[in-house]
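Here's the structure we're looking at; comments come further down.
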Amino acid sequence: MKFEKLTHRIIGCAMRIHSTLGNGFQEVIYQRAMAIEMKKEGLKRIEQ
């Protein structure tokens with residue numbers, strides 16, 4: 001698939017966040033954590 005590797009990397013970031021933080025935080029906390037994880041992974045992102 002065209003985006004399989006990219007998708008795998010993004011989902012990996014999300015899974016690391018969930019493993020570390022769990023649930024119960026406000027969405028903004030997860031957004032910030034995702035930005036950090038994606039930067040570590042070398043992925044660019046656009047803010048909402």
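A short reminder: the numbers here are calculations on the coordinates, not readings from a lab. Not measured: the values here are computed from a predicted model. Cβ atoms come from the backbone with ideal geometry, glycine included; neighbour counts cover every protein chain shown.
Results, tabulated for the structure shown:
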item: Equivalent ellipsoid, the chain (semi-axes from 5 times Cα gyration tensor eigenvalues, Å); result: 20, 13, 9
item: Proxy reagent accessibility, fewest Cβ within 10 Å first, across Lys5, Lys44, Lys39; result: Lys44, Lys5, Lys39
item: Residues Arg45 and His18, FRET efficiency given R0 of 25 Å [Cβ-Cβ distance, rounded to 0.05]; result: 0.90
item: Pairwise FRET efficiency - Lys5 versus Phe25, Cβ, R0 = 22 Å, nearest 0.05; result: 0.15
